[in-house]
Each structure stands twice: as structure tokens, then as C-alpha cells.
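Chemist: This is the structure I have questions about; it appears just below.
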Amino acid sequence: MSSPTSPTPPSSPDHSSDPATGLTTDRLVLRPWTPDELAAVVGDSRRADWAPDFPAEGDRVIAGFLTEHPEGLSPYGHRLVAERDSGLVVGSIGLFWPPSDGAIEIGYGIVGSRRGRGYASEATRALAGFALTAPGVDAVYANVELSNPASVRVLEKAGLRRLSSDATTARFRAVAEDFARP
């Protein structure tokens, strides 16, 4: 997973769709996992609507977690990331509910075949913006290992600000004002 000086905000998600069924961005749909998709990932099956390298290891971990904790399937929980054009699932993203002291953690992963296209930043910005509309959520944060510079860049491009870091890890954070248009 996952210090901007002044990132250019990507386009905002389309919140006109029902967030329980999906958040839509320019190129992606962030939609809830279905029981069949969870069973396929946990059972190591393949589906035709998945990118060839989906699921990644992180997706398998999340699917196992969601199988045991279905409350993580709420609108403010975990989602699959699908390309709008192809309909293929290319990763997953989620919020680790409930918030603590008004802050909620976000995590994401895009499969190797789709990295470098800005999908992780686009999805992170959309879900973080949506999370900031939830009751009791004032901030979204992510912790990232500095040995993963691509993930650091994802968070910067998504509009999160570096809050702190130590020798190995950086903490990023966003509040609603970070996503306000100039």
C-alpha cells in the first residue's frame, strides 16, 4: 500500500450513483464484492470478468476477512475496482471501519497488469472523498512503507498529505478541505 506540495486534484467521483452499488470515476467503478466473488477468490476459482492476474495476494486476504466479517461489505467497507470500459475487476480498495477518533484507514491494491495507469490514485481519491461524507469521519489516512515509492506516489496523487514519517513508514491523511476545488 500505501509529501505533496500542491497536487492537482483528479476529477471527483460521480456520487449521483447509489454508493451501495458503486462509486463511479472517469475510468473506474468501485463496487461491493458479491458473495459469489468472495467464494471464487477464497476457493481459488477464476471468473471471466477478472483481469488475468486478479486476485492478487492482498485480494485473497481481504476476501478471507470479508467471508468471516461480512460487516466489511457495507457501503463504507471494501469494494472491488473495475475498469468502466472493459468491466474487468483489476483490484480492490477498502475502508477499515469503524473510524477511530474521527479517522478511518484506507487500503488499496491494483493488479500488476494495470499498474502505472493511475487507477490506484483515482480509486483512492474517490473512496476517500466518499468516506469523508460518513457520519463521524473527519479524516482518512493510510500508512505506507517508504520502501514502496509507487504507493507513496499513489497517496500523493490521490490528494492525501504526508502527516509524519519515520525511517520505514509514512502516514498520509486527508480531510474534506483537501478535496475542495479551487
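Chemist: Answer with yes or no whether Ala120 is assigned to a loop (DSSP other than H, G, I, E, B), touching a strand residue (DSSP E or B) at 6+ places or on another chain (Cβ under 8 Å) and farther than 15 Å from Trp33 by Cα.
Modeler: no
Chemist: Leu38 is checked against (1) open to solvent by 50 Å² or more (accessible area, probe 1.4 Å); (2) modelled with pLDDT of 95 or more; (3) farther than 12 Å from Val89 by Cα and fails just one. What number does that condition carry?
Modeler: (1)
Chemist: Out of the residues in region 84-124 that are more than 14 Å from the chain's Cα centre (by Cα) and more than 24 Å from Arg161 (Cα to Cα), which is most open to solvent (accessible area, probe 1.4 Å)?
Modeler: Per the stated criteria, the residue is Asp85.
Chemist: Do you know which residues across region 55-80 are open to solvent by less than 10 Å² (accessible area, probe 1.4 Å) and more than 14 Å from the chain's Cα centre (by Cα)?
Modeler: Within region 55-80, Ala63, Leu66 qualify.
Chemist: Taking only pairs six or more apart or across chains, which ones have beta-carbon atoms under 6 Å, a first residue in region 59-85 that is under 12 Å from Trp97 (Cβ atoms), and a second residue that is aliphatic (A, V, I, L, M) and exposed (fewer than 13 other Cβ atoms within 10 Å of the Cβ)?
Modeler: Here the result reads Pro75/Ala20, each pair linking region 59-85 to a residue that is aliphatic (A, V, I, L, M) and exposed (fewer than 13 other Cβ atoms within 10 Å of the Cβ).
Chemist: Would you point out which residue out of Asp18, Asp26 is at pLDDT 95 or above, open to solvent by 80 Å² or more (accessible area, probe 1.4 Å) and assigned to a loop (DSSP other than H, G, I, E, B)?
Modeler: Asp26
Chemist: Is region 47-54 home to any residue that is basic (Lys, Arg), in a helix (DSSP H, G or I), open to solvent by 40 Å² or more (accessible area, probe 1.4 Å) and on the phi < 0 side of the Ramachandran plot? Quick ask: steps written out before the conclusion?
Modeler: Our first condition is that a residue be basic (Lys, Arg); within region 47-54, this holds for 47.
Still in the running and in a helix (DSSP H, G or I): none.
Checking region 47-54: not a single residue is basic (Lys, Arg), in a helix (DSSP H, G or I), open to solvent by 40 Å² or more (accessible area, probe 1.4 Å) and on the phi < 0 side of the Ramachandran plot.
Residues checked against (1) touching a helix residue (DSSP H, G or I) at 6+ places or on another chain (Cβ under 7 Å); (2) of a type in the set (Val, Ile, Thr); (3) more than 23 Å from Val29 (Cβ to Cβ); (4) open to solvent by less than 30 Å² (accessible area, probe 1.4 Å):
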position	(1), (2), (3), (4)
Val152	no, yes, yes, yes
Lys157	yes, no, no, no
Asp166	no, no, yes, no
Ala170	yes, no, yes, yes
Ala180	no, no, yes, no
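The values are calculated or read from the model by the stated rules, or taken from the named source; none is laboratory data. Keep in mind the model is a prediction, meaning the values are calculated, not measured. Counting neighbours? That spans all protein chains shown, and the Cβs are built from the backbone with ideal geometry, glycine included. Each accessible area value is taken on the protein alone, full model and side chains, heavy atoms only, with ligands, DNA and RNA left out. Shrake-Rupley method; radii C 1.70, N 1.55, O 1.52, S 1.80 Å.
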